[in-house]
Amino acid sequence: MAETIVEVRGLTKKYGKKTTVRGIDFDVREGEVFGILGPNGAGKTTTLEMLEALRPIDGGGALLDGIDVKKHPHKVKEIIGVQLQSTSFFNQLTLVELLRLFGGMYHQTVHPYKLLEMVNLRDKAKSTVDTLSGGQRQRFSVASALVNKPKVLFLDEPTTGLDPQARRNLWELVQDIQKTGITIVLTTHYMEEAQLLCDRVAIMDNGKIIALDTPDNLIKDLLKKGFKKKAEVQQADLEDVFIDLTGKDLRE
Amino acid sequence: MKDLNAVWIMTKLFTLRFFRDKIALFFTLVFPLIFLVIFGFIFGGNESPSFNVALINKSQTDFSKTFVEETKNGEIFQITETDFESAKEKMGRGEFDAILEIPEGFGALDEQGRPSGTLTSYFDPGDEQVASGFQATLQGVLDSINAELVQVEKPLQLESKPIQTANLTRFDYTLAGLLGFSIMGLGIFSMSEGFTVDKKTGSLRRMKVAPIRAWQLIVATALNRIFVGMISIAFLFITALLIFDFNMRGDYISFALFSMIGTACIFGFGMAIAGWAKDANQAAPLTQIITLPMMFLSGIFFPTFLMPVWLQNVTQFIPLTPIVDGLRMVLTEGKTLLDLGPQLAIIGVWTLVIYLIAFKVFRWE
Ligand SMILES: Nc1ncnc2c1ncn2[C@@H]1O[C@H](COP(=O)(O)OP(=O)(O)OP(=O)(O)O)[C@@H](O)[C@H]1O
Ligand SMILES: [Mg+2]
């Protein structure tokens, strides 16, 4: 079994009297894609941002590649890449310039064009972020999270708001990144996305992890309980129709 | 070292960003120019300056009585009759621009039956530029009386103690204040907006993801703004030279260095406000609180010597005061950086304090 790269123990977050993350434990293994699923307000973003040293941890802690987030937030920041759930970039700088700026903050030599090539934005190198489509913006956001060659990449709802083509395109990107050996922790509301991308998923509700396993095992467990789908299982769904009609090519 | 390298890269790209922002450019480069031209015309108009003069009249002659009357009625001189000792003391505080002494027997008739005599004017060598304006004006008055008396040689003479050279215009006196005002505008008004916008859009939060510290962001932004501020000051200065025939008496190196130091100091206030405020609504009142005293008590528009002494004691510690004073000393008195020790000391302390505060109170979102 692969080494543990993210070790979370008793992680807790309180906003006033309300506890939004209630002492959760989980491990992420090196090289895997780890998904966190859960309804709105479950505490997914809060959890990620505590691991990213963006929000203070109120209880418990986490080790990333052996580094304690609470004690060495700056060291952790150096080895992770982050795509925030909602983010924005300076609109006056081009993609290349922005990547140089972020690279400078990590004291890393960046190869902006290589990064843009990787996320399929090479021809947008001299554009500004405000002229990008939603999908392009998400891909740029991923590129900007890779400037420091991170060991762990956090993606918070990378495909929310994207059309089916753009979503598939991002899935491929995630798989490509995984192939380079980077561990990925992502959140999503799309179950088929989790099933396709994630080696293991944690299901979060109300600040707690209520299930954690591979997607296949979770499904098997459910079936063991005698679960049956109400509707007759169709061999295709509306999304398949949509993709069939509009093709897989990216629009934008 | 790595940290400073990051600051340098950030400074470069922030500057690039700034020059692409048309609105920001307008407010830093064009707006102060418009302001300079408007206020330059208002303050530097052709109306003649007026001087506060202490008068010591030791003469009882009819001519001297008329002379004193006429001078008092004129608009150029604000005359206060007093004795020499208290006049000297008040001039030291800047309440008087000059002391005019009418010696005993001034205006007594000479052999040809014409009034004659020599007036003595005293002034503070530190206030040379005011004094030279005063002398030129007084000489003009005497010349016209002389002309009326139809004399080939002038029986009335003005004796001036220190040496004066260039003729300074009203605008020349005002430029330091206008520059000070521009620095304040650039540093506080336009600066305090800066971070709050980036906090609102979340682009600052995106930068927080990287292992940079608040001081790096603040220093990079400050360097970027100081650079732009210096360009703005250069524009203003060139305009002053071209449109208002500004009479530069100082050296350009002292001027450049001193403006840079002053700009760095004042920009610290903008940085502190912008770094602390969560949004523009929080920044606005704080901006007002800090700029209002600067605007009215630093000698930008109102000379500080018109204020009561207790207030003058306070105003000298307002950070913009030593900047305006220092600029004035360089621009109109030809002082160099080495003469500005007291000013630099106050600015230095403020700079240190305000940047430490800025680092401390900074909030990323
Ligand atoms: N800054 C904050 N102050 C107070 N409460 C907060 C703050 N940020 C988040 N919360 C609360 O914490 C809870 C968890 O929020 P979080 O953003 O982590 O949920 P999430 O699982 O990411 O939801 P979503 O799927 O909508 O992104 C919510 O109830 C939210 O209202
Ligand atoms: Mg979320």
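The values are calculated or read from the model by the stated rules, or taken from the named source; none is laboratory data. If you're wondering where the values come from, they're calculated on a predicted model, not measured in any experiment. For neighbour counting, all protein chains shown are included, and Cβ atoms are generated from backbone atoms with ideal geometry for every residue, glycine included. What goes into the accessible areas is simple: the full protein's heavy atoms, side chains included, and nothing from ligands, DNA or RNA. Shrake-Rupley method; radii C 1.70, N 1.55, O 1.52, S 1.80 Å.
Below are the figures for this structure:
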read-out: Filtered residues of the range A:82-117 (kept if among the polar types (S, T, N, Q), at the interface with chain B (Cβ under 8 Å from one of its Cβ atoms) and under 12 Å from B:Leu13 (Cβ atoms)); value: A:Gln92
read-out: Hits in the range A:53-73 - residues which are within 20 Å of A:Ala211 (Cα to Cα) and either open to solvent by less than 10 Å² (accessible area, probe 1.4 Å) or within 14 Å of another protein chain (Cβ to nearest Cβ) (or both); value: A:Ala62
read-out: The range A:34-52 residues that are within 14 Å of chain B (Cβ to nearest Cβ), paired with ones that are within 9 Å of ligand 2 (Cβ to nearest atom) (beta carbon under 7 Å, 6 or more apart); value: A:Thr45/A:Gln85; A:Thr45/A:Asp156; A:Leu48/A:Asp156; A:Leu48/A:Thr187
read-out: Residues located in the range B:200-218, provided they are open to solvent by 40 Å² or more (accessible area, probe 1.4 Å) and of a type outside the set (D, E, K, R); value: B:Thr201, B:Trp215
read-out: Test: residue in the range A:215-234 that is without any contact (Cβ under 8 Å) to a residue 60 or more places away in the chain, assigned to a strand (DSSP E or B) and out of contact with any His (no Cβ under 6 Å at 6 or more places or on another chain); value: no
read-out: Yes/no for A:Thr131 being open to solvent by 10 Å² or more (accessible area, probe 1.4 Å) and within 16 Å of ligand 1 (Cβ to nearest atom); value: no
read-out: A:Gln85 away from ligand 2 (no atom under 16 Å from the Cβ), open to solvent by 10 Å² or more (accessible area, probe 1.4 Å) and over 22 Å from A:Gly10 (Cα atoms); value: no
read-out: Qualifying residues in the range A:194-209 (those that are closer than 19 Å to A:Thr4 by Cα and assigned to a loop (DSSP other than H, G, I, E, B)) - the one farthest from ligand 1 (Cβ to nearest atom); value: A:Asp199
read-out: Filter pass, A:Ala194 being in contact with a Ser or Thr (Cβ under 7 Å, 6 or more places away or on another chain) and surrounded by 11 or more Cβ atoms within 10 Å (Cβ to Cβ); value: yes
read-out: Checking A:Leu54 against (1) within 16 Å of ligand 1 (Cβ to nearest atom); (2) within 22 Å of A:Lys179 (Cα to Cα), the condition it does not meet; value: (2)
read-out: Residues of the range A:142-184 satisfying the condition of being within 15 Å of ligand 2 (Cβ to nearest atom) and either away from chain B (no Cβ under 14 Å) or open to solvent by 20 Å² or more (accessible area, probe 1.4 Å) (or both); value: A:Glu157, A:Pro158, A:Thr159, A:Thr160, A:Gly161
read-out: Every pair of residues 6+ apart whose Cβ atoms lie under 7 Å, when the first sits in the range B:9-28 and is closer than 20 Å to A:His107 by Cα and touching a residue at least 24 places away in the same chain (Cβ under 8 Å) while the second is open to solvent by less than 70 Å² (accessible area, probe 1.4 Å) and small (Gly, Ala, Ser); value: B:Met10/A:Gly104; B:Met10/B:Ala220; B:Thr11/B:Ala220; B:Phe14/B:Ala220
read-out: Helices (runs of 4 or more DSSP H) enclosed by the range B:243-325 - at least 1 residues per element that are of a type in the set (Asp, Glu) and open to solvent by 70 Å² or more (accessible area, probe 1.4 Å); value: none
read-out: Hits in the range A:25-42 (condition: farther than 20 Å from A:Leu153 by Cβ and within 15 Å of ligand 2 (Cβ to nearest atom)); value: A:Pro39, A:Asn40, A:Gly41, A:Ala42
read-out: Residue selected from the range A:7-25 under the condition away from ligand 1 (no atom under 15 Å from the Cβ) and within 16 Å of A:Asp213 (Cα to Cα), by the criterion most open to solvent (accessible area, probe 1.4 Å); value: A:Asp25
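This table checks each residue for (1) within 30 Å of B:Trp310 (Cα to Cα); (2) outside the structural domain of B:Gln312 (by TED's automatic domain parsing); (3) buried (at least 19 other Cβ atoms within 10 Å of the Cβ); (4) at pLDDT 80 or above.
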position	(1), (2), (3), (4)
B:Gly105	no, yes, no, yes
B:Arg114	no, yes, no, no
B:Thr120	no, yes, no, yes
B:Pro125	yes, yes, no, no
B:Ser132	yes, yes, yes, no
B:Gln151	no, yes, no, no
B:Leu158	no, yes, no, no
